[in-house]
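Structure record follows, encoded as structure tokens.
The values are calculated or read from the model by the stated rules, or taken from the named source; none is laboratory data. Only a predicted model underlies this, so the values are computations on that prediction, with no experimental measurement involved. When we count neighbours, we look across all protein chains shown, and the Cβ atoms used for this are built from the backbone with ideal geometry, even at glycine.
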Amino acid sequence: MSTSLSSLKPIVRLFLTARRRGLLLGAALSATTVSAGIALLGLSGWFITATGIAGLSAATIATFDIFMPSAGIRLLALGRTASRYGERLATHDATLSVLAALRERLFRGWAAPGAARELARRPARLLFRLTGDIDALDSLYLRVLVPAGVAIVAAFATSVALGLMDRLFGLAAGSVLLVAGLGIPLFAGRRATKHARRRTHGIEAIRARTIDLVAGQTDLLMAGRLDAQRTAIADADHYAAAADDRLNRIEAGITIGLGFTATALLTGALLAVAALAHGGAVSPPVAVLGILIAFAAVEPFGALRLGAMELGRTLVAARRIAPRLSADDEELHHSAAPLPGFALRLSRVSAGHDTETPVLHNIDLDLQLGERLALVGTSGAGKSTLLSLLAAEMRASQGSVECLDATLLTQRTELFQDSLRGNLLLASPDAPDTALREALAAAGLLQDVAALPRGLDTPLGEGGMGLSGGQSRRLALARLFLRDTPLWLLDEPTEGLDGATARDVIRRLVEKANGRSLVIATHIRREAAIADAIAVMEDGRITEVSRRGETAFEKALNRLRPD
């Protein structure tokens, strides 16, 4: 439990850093709402009782002031309504703003070296972090921190108000409220943590297994595992349902416990005020005031019921998110700039997705500004890993990496279910339509886009559905052209395209890359032929570097797959 609570520190720190004023304002308005409600009930009871007693005598009714109490009741009623409205606006606006910032920060953290690979390997689980886990954190402020703070304020205010009637009475009432009112939800919250964790894991398993079923149903059917996958989903559902049942029982226990607390406090208040009134220490209207204040003081603690049930879910979410928030900002890695005149310099670099088993070994490589380098070698030689290292998608486990800002064009064309304009603006969010059309023209796609009824506003399906393979590659190429970086990293840019389209893409790349440095990982002669140097890779090592005009350069070209 202590470890889980320590995980809340970076979350609370982020809340206070992002919207401190809004959060404090919401808490203050919430306390004002509860205090006004308690005062309203107590004053109303006092007023009704005092009015009834005053009406028994003509002398007292003539002197009884009904205007001040009734004005106070109206003021408290209007103030309670206004503060409740303001509290909802302030607390929800602040919470949603903080959660939006948290989502962005968390996603940026997964774009750091190494984390992006984890996101690609486990998209369903990490998507749950961005949705379910972050959504769970809204309970931290709205259902845990604010209700607990308001309940404590209400207990002290009640203790002071009743203490004005009798010191022992106020101390006893405040002690009951703090011990039982906070103790019962805290005890239940500790018991609920395990079941909330199980429920969270069950729901996560349901989502992940359902995604696997939908995305891999063909493979599951061919392997005869379709029924087994459905059974696995049902098992996860039963697991989550069992945890839900336990949580419902604990919640019922909280309700019963708080009900007994309210009954005991009200009974004690009745006996106390009866004794005080009998002894003449308080008048009957004040006695009613004390009873109603004690009765209303229990209400804020009822809000802790939901907080206790959400505490376990919140702690689970915080424990899983906190390590990424606590990570040093330096994880958003940027390579050191190389010496003037160089696009990149690698010295005895080793790297890999798992630091214990590096893919690259003792890489030494230099590339001057404006030069083009082709990385060739068999599949698995480490070409794509080297490009990922240069693109700052991973860290080197040893050695020195100096590289200019780079843009990576991967083998896969990553397009999204959005308009053509939206997919282009990913590369340059502020680019005007004229720049988008220039990039499309440079990529040889402008005529195709102009022929579409909606032009740049044409919607694409998931993964760029609606475009052919060649058009998708040209759109990715246009996005590359919009990135004004001095170094372009290309991973088999024309793989899968027909010869004519591939040659046209290469020609446009060469024209647009004038003055830029290129690193191309390739198996194809037409892609390597534009290079000024060829580096041959084997088993994660560069075994040979040759330059244009050398015999080794021509031999390396001749070993590649023809156009």
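Might you check whether a residue that is part of a helix (DSSP H, G or I), charged (D, E, K, R) and touching a residue at least 24 places away in the same chain (Cβ under 8 Å) occurs anywhere in the stretch 211-226? Can you show your working first?
So the first thing to find is which residues in the stretch 211-226 are part of a helix (DSSP H, G or I), and the list is 211-215, 217-222, 226.
Then keep just the ones that are charged (D, E, K, R); that gives 212, 219.
Still in the running and touching a residue at least 24 places away in the same chain (Cβ under 8 Å): 212.
Checking the stretch 211-226: at least one residue is part of a helix (DSSP H, G or I), charged (D, E, K, R) and touching a residue at least 24 places away in the same chain (Cβ under 8 Å).
Scanning the stretch 412-436 for residues being of a type outside the set (Asp, Glu) and free of Cβ contacts under 8 Å to residues at least 12 places away in the same chain gives a total of 6. Look at the stretch 250-265: where a residue is at negative phi and a partner is not in a helix (DSSP H, G or I), sitting 6+ places away or on another chain with Cβ atoms under 6 Å, you get 262/298. Hey, among the residues in the stretch 200-216 that are over 25 Å from residue 313 (Cβ atoms) and at pLDDT 85 or above, which one's surrounded by the most Cβ atoms within 10 Å (Cβ to Cβ)? Out of the qualifying residues, it is 213.
When you scan the stretch 456-470, do you find a residue that is more than 34 Å from the chain's Cα centre (by Cα) and closer than 21 Å to residue 426 by Cα, even just one? Within the stretch 456-470 (the criterion being more than 34 Å from the chain's Cα centre (by Cα) and closer than 21 Å to residue 426 by Cα), the answer is yes, since at least one residue qualifies. If you go through the stretch 15-40 and keep only what is surrounded by fewer than 19 Cβ atoms within 10 Å (Cβ to Cβ) and farther than 30 Å from residue 137 by Cβ, you end up with nothing. Across the stretch 424-442, the qualifying residues are those that are within 18 Å of residue 513 (Cα to Cα) and of a type in the set (D, E, K, R), and the one among them that is surrounded by the most Cβ atoms within 10 Å (Cβ to Cβ) is 437.
Could we say that residue 502 is more than 21 Å from residue 469 (Cβ to Cβ), at pLDDT below 85 and either in contact with a strand residue (DSSP E or B) (Cβ under 9 Å, 6 or more places away or on another chain) or surrounded by fewer than 16 Cβ atoms within 10 Å (Cβ to Cβ) (or both) here? So residue 502 fails the test.
Scanning the stretch 40-55 for residues that are assigned to a helix (DSSP H, G or I) and more than 56 Å from the chain's Cα centre (by Cα) yields 51, 52, 53, 54. Here residue 466 passes the criteria (1) assigned to a helix (DSSP H, G or I); (2) surrounded by fewer than 21 Cβ atoms within 10 Å (Cβ to Cβ); (3) not β-branched (Val, Ile, Thr) except the one numbered (1).
Among residues of the stretch 76-100 that are in the same structural domain as residue 133 (by TED's automatic domain parsing) and at positive phi, none has a Cβ under 7 angstrom from a residue that is in a helix (DSSP H, G or I) and of a type outside the set (Ser, Thr, Tyr) at a sequence gap of 6+ or on a separate chain.
State all residues of the stretch 144-169 that are under 18 Å from residue 305 (Cβ atoms) and not in a helix (DSSP H, G or I); if no residue qualifies, say none. Matches in the stretch 144-169: none.
Could you please find all residues in the stretch 147-197 being of a type in the set (Lys, Arg) and in contact (Cβ under 8 Å) with a residue 60 or more places away in the chain?
Within the stretch 147-197, the subset of a type in the set (Lys, Arg) is 167, 190-191, 194, 197.
Those that are of a type in the set (Lys, Arg) and in contact (Cβ under 8 Å) with a residue 60 or more places away in the chain: 190, 194, 197.
Of the numbered criteria (1) under 21 Å from the mean Cα position of the chain (by Cα); (2) farther than 30 Å from residue 147 by Cα; (3) of a type in the set (Gly, Ala, Ser), the one residue 196 fails is (2). Return yes or no: is residue 181 touching a Phe, Trp or Tyr at 6+ places or on another chain (Cβ under 7 Å), in the same structural domain as residue 299 (by TED's automatic domain parsing) and in a helix (DSSP H, G or I)? Criteria met by residue 181.
All conditions in (1) within 29 Å of the chain's Cα centre (by Cα); (2) farther than 21 Å from residue 494 by Cα; (3) loosely packed, with under 14 Cβ neighbours inside 10 Å hold for residue 451, with the sole exception of (1).
Pull up the stretch 513-529, narrow it to residues that are of a type outside the set (Gly, Ala, Ser) and surrounded by fewer than 17 Cβ atoms within 10 Å (Cβ to Cβ), then point me to the one that is nearest to residue 371 (Cα to Cα).
Let us first name the residues in the stretch 513-529 that are of a type outside the set (Gly, Ala, Ser), namely 514, 516, 518-520, 522-527.
When the remaining residues are screened for being surrounded by fewer than 17 Cβ atoms within 10 Å (Cβ to Cβ), the result is 514, 523.
On the way: 514: 10, 523: 19 Å.
Filtering the stretch 513-529 for residues that are of a type outside the set (Gly, Ala, Ser) and surrounded by fewer than 17 Cβ atoms within 10 Å (Cβ to Cβ), the one nearest to residue 371 (Cα to Cα) comes out as 514.
With respect to residue 392, is the statement that it is touching a residue at least 24 places away in the same chain (Cβ under 8 Å), more than 26 Å from the chain's Cα centre (by Cα) and either surrounded by fewer than 22 Cβ atoms within 10 Å (Cβ to Cβ) or not in a loop (DSSP other than H, G, I, E, B) (or both) true? No. The set of residues in the stretch 477-500 that are over 12 Å from residue 526 (Cα atoms), in contact with a Lys or Arg (Cβ under 9 Å, 6 or more places away or on another chain) and outside any loop (DSSP other than H, G, I, E, B) comprises 477, 480, 481, 487, 488, 491.
If only one of 172, 196 is assigned to a helix (DSSP H, G or I) and crowded, with 21+ Cβ neighbours inside 10 Å, which one is it? Spell out how you get there, then give the answer.
Details: 172 fails: crowded, with 21+ Cβ neighbours inside 10 Å.
The match here is 196.
The number of residues in the stretch 456-474 that are over 14 Å from residue 417 (Cα atoms) and touching a residue at least 24 places away in the same chain (Cβ under 8 Å) comes to 5.
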